[in-house]
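Engineer: Input: one structure, supplied below.
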Amino acid sequence: MERLARCLTGRVALDVEARDWEEAVRLAGEVLEKAGDIEPAYTEAMIRTVREIGPYIVVTPGVALPHARPENGVLRAAIGLVRLARPVSFGNEVNDPVDLVFPFGTPDRDQHIEVLAALSRLLSDPRRVAALRRAATEEDILAVLRGAPLAPAGS
C-alpha cells in the first residue's frame with residue numbers, strides 16, 4: 001500500500017461536486033492532467049470508453065476505475081482519487097451509485113496489471129474503503145494507505 005500512497009500523492013480531490021458520471025470522469029482526469037501524468041485527450045478517451053463499452057469500470061459498490069488505452073495520452077503511470085460529494089450513477093445496476101473514482105493510466109500492459117492488483121488489494125479491504133470515505137484530507141487518505149490504525153467498517 002505504500003507504493004499506492006506514493007502514486008496518489010498530489011492526485012487526490014475530496015468532496016468534489018459532479019452532476020453525472022461523465023463530469024465525475026472528467027474531473028478525475030483533470031487530477032491526473034494537472035499532475036502532468038496524462039494529456040487531455042486521455043480524459044476524453046476515458047469518457048468515450050464508457051460510452052462505447054458501458055459502465056464496466058464500476059468494479060465494486062460505489063467505486064469506478066476509469067482508464068483508456070495508453071496511446072490516448074498516457075505520459076507516465078499514474079493513479080488518482082476523486083471522492084464525490086454526492087454519488088452519481090454510471091448505469092451499473094449492481095454497483096451504482098459511485099462516490100470513489102480512481103482514474104489511472106499506464107504506458108504498458110505490465111504496469112496496467114500492477115495498478116489493477118494494487119487497487120484490488122485496497123478495494124478488497126472494507127475497513128480501508130470505509131476509511132477513505134471518512135477521510136478529511138489527502139494526508140488522511142495517504143495515512144490509511146500507509147497502514148494507519150483503522151476503525152471497524154461501518155463505524
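The values are calculated or read from the model by the stated rules, or taken from the named source; none is laboratory data. Computed from a predicted model, the values in this text were never measured in an experiment. Quick reminder, even Gly has a Cβ in these numbers, built from the backbone with ideal geometry, and neighbours come from all protein chains shown.
Engineer: Restricting attention to region 84-94, which residues are within 15 Å of the chain's Cα centre (by Cα) and free of Cβ contacts under 8 Å to residues at least 40 places away in the same chain?
Structural biologist: P87
Engineer: Among the β-branched types (V, I, T) and over 15 Å from L8 (Cα atoms): which single residue out of I141, I53 fits that description? Walk me through how you get there before you give the answer.
Structural biologist: Values: I141 fails: over 15 Å from L8 (Cα atoms).
When all the criteria are applied, what remains is I53.
Engineer: With respect to S120, is the statement that it is hydroxyl-bearing (S, T, Y) and modelled with pLDDT of 95 or more true? I'd like the intermediate steps shown before the answer.
Structural biologist: Values: hydroxyl-bearing (S, T, Y): yes; modelled with pLDDT of 95 or more: no.
Taking the combined requirement at face value, the residue does not satisfy it.
Engineer: Tell me, please, whether a residue that is more than 18 Å from H112 (Cβ to Cβ) and hydroxyl-bearing (S, T, Y) can be found in region 3-14.
Structural biologist: yes
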